[in-house]
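> Please see the structure below; I have some questions.
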Amino acid sequence: MISFTLTDEQREFRDMAHKFAEKEIRPVAPEADEKEEVPWDVLEKAHQAGLITYSFPERYGGGGVESVTTKAIVDEEIFWGCAGIGTIIGGVALAATPILIAGTDDQKMKYVSRLCEPGAGGRPRLGAYALTEPGAGSDPAGMITNARRERGKYILNGYKTFITNAGIADVYLVFATVDPSRGTDGITAFIVEKDWPGVNPGKKEKKMGIRASHTATISFDDVEVPAANRLGEEGEGFKIAMKTFDITRTHIAAGAIGVARAAYEYALNYAHERRQFGKPIFSFQAIAFMLAEMAMEIDAARLLAWRAGSLYDEGKPCAQEASMAKAFAADVAMKVTTDAVQILGGYGYIREYPVEKWMRDAKIMQIYEGTAQIQRLVISRRLKA
Ligand SMILES: Cc1cc2nc3c(=O)[nH]c(=O)nc-3n(C[C@H](O)[C@H](O)[C@H](O)COP(=O)(O)OP(=O)(O)OC[C@H]3O[C@@H](n4cnc5c(N)ncnc54)[C@H](O)[C@@H]3O)c2cc1C
């Protein structure tokens, strides 16, 4: 059966997230973007409202809303508020998801619970997912961060780049190779704590968009990781990373839809108010059709995201569908936000208006968690003649 009707729970969460995005996120988003600073006050409120950890199991202190589809519905609203703030929150789920997929009960109890509890001064605890390296982005097989086994522990050495929440996270999910000659079969995942000796966060990047989020390098210099902090078996890290993406790519798709919807709604209102040649610009077919395209594409992207989420929730394979949703929604976000700037004319290009921020924010959707090209690689490899 195919249903496009949200459950009561989904409607409730969507409305709650929307209200939060409207009242708490939207008012601080421009300043956080301008100053390139993490707005901790909003994160604290989001944590109190349960909006950071609602999707983690109750057993570990989360809200118990484990449906990937429901999370997609909520993520659309949060990213509608601000994609930078959405990315910080998304970074927590990105770190927790591999633990929930492959962790032992002890690992989940220790680290997922830790992410659910507030940290120092009531600040929420954040997580970070450290896969990318300077020489290994789209191709993790090229990673050189390594873990050497030594009596009951591993010695971790390496350097990660472009890591969301690096330096402000409590818990790091780090991918390293136990044997570079084995390519992806050598990749192993570890849970690393921020205070361990040798965990050294580095330079914070200055970015085009999602500037409220914190993206930085981090190095691991002879970090002693107890064997109990290995996630799954040696060599299972790549599989764990890919399983994680089955979930999180759907959520990036939803985030991209949120950004696109924000720009579309603003442009639609503007087109009704702005008058040229004695009429609202909406009366010009060129503008109205642009808005019609936006509405169509946003709906199509949302349906792809909901399909991928539903497949996951039903326990069915969804790697191809999650990639389709992510690739399509990211392209839609880029196109819709660019067209929104066009509809505002010169005002669209001016920073006093929010659409240029949405256009800058949209671009990352085609890059992180697998570029637009890598999604097409995932999709094409599964096409059957
Ligand atoms: C703001 C931000 C936040 C991020 N957050 C995280 C994070 O939290 N954790 C993390 O691990 N990483 C994170 N990343 C890294 C991100 O996932 C990578 O940048 C991305 O996967 C691409 O890797 P790369 O930059 O090395 O590009 P490359 O892999 O060098 O790609 C360069 C270009 O070549 C193309 N290309 C590469 N291989 C192929 C191929 N086989 N076929 C066709 N085209 C190809 C790519 O699509 C791209 O256009 C983040 C990046 C940014 C900018």
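The values are calculated or read from the model by the stated rules, or taken from the named source; none is laboratory data. None of the values given here were measured: they were computed from a predicted structure. Glycine gets a Cβ as well: all are built from the backbone with ideal geometry, and neighbour counts include every protein chain shown. The accessibility values were calculated without ligands, DNA or RNA, using every heavy atom of the protein model including side chains. Shrake-Rupley method; radii C 1.70, N 1.55, O 1.52, S 1.80 Å.
> Take the stretch 220-229 and flag every residue that is touching a Ser or Thr at 6+ places or on another chain (Cβ under 9 Å) and surrounded by fewer than 24 Cβ atoms within 10 Å (Cβ to Cβ).
ALA228
> Let me ask you something else. Among the strands (runs of 3 or more DSSP E) confined wholly to the stretch 185-282, which include 1 or more residues that are away from the ligand (no atom under 16 Å from the Cβ) and in contact (Cβ under 8 Å) with a residue 24 or more places away in the chain?
Qualifying strands (runs of 3 or more DSSP E): 215-226.
> Something else: Determine whether the stretch 53-75 contains at least one residue that is more than 28 Å from GLU314 (Cβ to Cβ) and open to solvent by 10 Å² or more (accessible area, probe 1.4 Å).
The answer is no, given that none of the residues of the stretch 53-75 is more than 28 Å from GLU314 (Cβ to Cβ) and open to solvent by 10 Å² or more (accessible area, probe 1.4 Å).
> Within the stretch 97-129, restricting attention to residues that are within 13 Å of the ligand (Cβ to nearest atom) and of a type in the set (Gly, Ala, Ser), which residue is surrounded by the fewest Cβ atoms within 10 Å (Cβ to Cβ)?
Looking at the filtered set, the residue picked out is GLY127.
> Please find, within the stretch 147-170, the residue that is nearest to LEU126 (Cα to Cα) out of those that are out of contact with any Gly (no Cβ under 6 Å at 6 or more places or on another chain) and among the polar types (S, T, N, Q).
Going through the qualifying residues, I end up with THR161.
> Of the residues ALA340, ALA301, which single one is free of Cβ contacts under 8 Å to residues at least 60 places away in the same chain and buried (at least 16 other Cβ atoms within 10 Å of the Cβ)?
The match here is ALA301.
> Can I ask one more? Are any residues in the stretch 232-255 buried (at least 20 other Cβ atoms within 10 Å of the Cβ) and more than 16 Å from ALA93 (Cβ to Cβ), and if so, which ones?
Passing the criteria: GLY237, PHE238.
> Return the residue satisfying two criteria in turn: it lies in the stretch 164-174 and is touching a residue at least 60 places away in the same chain (Cβ under 8 Å) and open to solvent by 10 Å² or more (accessible area, probe 1.4 Å), and of such residues it is nearest to the ligand (Cβ to nearest atom).
If we take residues in the stretch 164-174 being touching a residue at least 60 places away in the same chain (Cβ under 8 Å) and open to solvent by 10 Å² or more (accessible area, probe 1.4 Å), then THR164 is nearest to the ligand (Cβ to nearest atom).
> Another one. Residue check: is ALA21 modelled with pLDDT of 95 or more, small (Gly, Ala, Ser) and in contact with an Asp or Glu (Cβ under 9 Å, 6 or more places away or on another chain)?
Criteria met by ALA21.
> Also, quick follow-up: Being under 30 Å from TYR54 (Cα atoms), assigned to a strand (DSSP E or B) and open to solvent by 20 Å² or more (accessible area, probe 1.4 Å) is the filter here, so list the residues in the stretch 130-163 that pass it.
Scanning the stretch 130-163 gives a single hit, PHE162.
> Now for a separate question. Of the residues that sit in the stretch 354-385 and are over 25 Å from the mean Cα position of the chain (by Cα) and away from the ligand (no atom under 16 Å from the Cβ), which one is least open to solvent (accessible area, probe 1.4 Å)?
Once the filter is applied, the top-ranked residue is ALA385.
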